[in-house]
1. Can you tell me the orientation of helix 331-349 relative to the chain, as the angle in degrees between its alpha-carbon axis and the longest Cα principal axis, to the nearest 10?
2. If you take every DSSP beta bridge fully contained in the chain, what fraction is antiparallel? Give it as a percent rounded to 5.
3. Mind checking which lysines have their Cα closer than 25 Å to the Cα of Lys227? Skip sequence neighbours fewer than 8 apart in that chain.
4. Treat the count of other C-beta atoms within 10 Å as a stand-in for reagent exposure and order Asp174, Asp72 from fewest to most.
5. Where the centroid of each part is defined by its Cα atoms, how far is the range 247-287 from the range 106-125 in Å?
6. Treating only the Cβ of Lys, Arg, Asp and Glu as charged (+1, +1, -1, -1), what charge dipole size does the range 211-352 show about its Cα centre? Round to the nearest 20 debye.
7. Among Phe39, Phe342, rank each residue by its count of other Cβ atoms within 10 Å, from fewest to most, as a rough exposure measure.
8. By a straight-distance test (C-alpha under 21 Å), which lysines pair with Lys76 as possible cross-link partners, with residues fewer than eight away in the same chain excluded?
Amino acid sequence: MLLDYLASRFYLQPENIATEALGYILRTSKPAREALGAFIGQIGPALRAELRFETQARSEQEANIPDVVGRDLDGKEPLIIEGKFWAGLTENQPVAYLRRLPEGASGIVLFVAPELRLSLLWVELTKRTREALLPCGKGAVPMSMRIGTHDHHLAVVSWRSLLAALSLRAAAGDEVQTVHDIEQLQGLCERMDQEGFLPLRAEETTNTEVARRVVDFSRLVDEICRKASAEGFATGVGGGTSGLGWYGHYFRLAGVQALFAFDASKWAKYGLTPLWLNLWGRDWEVSQQVLDALAPLARDTPVRLIRLDEGKGIAYGRPVVPILLSLGVVRDEVVEAALVQFRSIATLLRPLDMLSGLNPIVPSEPDEPPTAP
């Protein structure tokens, strides 16, 4: 299985893990290989020969080590795949890889990267190719080009599109394990998409309005918690605490342990709001009672109940509620609208009668609270 295979190579970095996984899938699944051939046929040359796939294959002539190489029965390498997340190009990429393609035969160097990086990566690849004075021509699709006179190609595609094609063909071939393996790789790629460091733009480093808003959001958290405490439905509100990309307060909401915070990670992932209410049952664990009580929020539009890591079992599907902010109104109205949402959530939770036997408000590791993404 894929996880067992990768466990023996745990020392590898995420990009290497992803390409090792891709190589494993291609070696073990004929439908995946067929899907890759059809996928490449839409953007570059038709690779008709059955290929054998090898990862980290060093060239005998040059010191370059592509992530995945597809070899035919004659030992030629018509397919070179380089997997990227956010690491930069090496000095060999892509020129040395293009020169590694077989003379007099079709071939392609295919870079696979997050969708958000495709355009910038393509600019850098084409720049290096032209600086090397390699003849370049228009490709069959955007972000692809023909190189030289041997039907060689250079192209960039997203992890999402490539893996979707492989998964579809594997599912059609009833390869349940391959589909599961691809899903695991898709999960890694999606996580790296979210965690990657995007290239900075000038407006991101000089926009004081954004910086001011971050401070505003933290102050809103303070004020909303203070007023909820004064009204009595939020009890035990502690001092402000923070972690990587978040700031908030722990308290009990209708007896349920909670953390209300400005959370940049959830804001970036879900886009609904910068302010989030996190809820637990006893012992800082997920509670089925709490989930059942909050179920009406899942029927709202937009959805007001999100389960973190849903699908991994009750121990992981922790509920968080986005607290939506009113637009175009003064601060007091923003605070009151948030308190209305707090009151409605407290009303849903109050019948649980969980006031007795609760653990302390601050968890054992307050610098890394249960809400950490």
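1. Orientation of helix 331-349: about 90 degrees from the principal axis.
2. Details: 38 of 50 bridges.
In the chain, DSSP labels about 75 percent of beta bridges as antiparallel.
3. Lys266
4. Details: Asp174 9, Asp72 17.
If I rank by nearby Cβ atoms, fewest first, I get Asp174, Asp72.
5. Their Cα centres are 38 Å away from one another.
6. It comes to approximately 120 debye.
7. Details: Phe39 18, Phe342 23.
Ordered by Cβ neighbours within 10 Å, fewest first: Phe39, Phe342.
8. Partners within reach: Lys30.
Where a number appears in this text, it was derived from the coordinates with a stated rule and is not lab data. Bear in mind the structure is a predicted one, so any value in this text is a computation, not a measurement. Methodologically, a virtual Cβ is constructed for each residue, glycine included, from the backbone with ideal geometry; neighbour enumeration extends over all protein chains shown.
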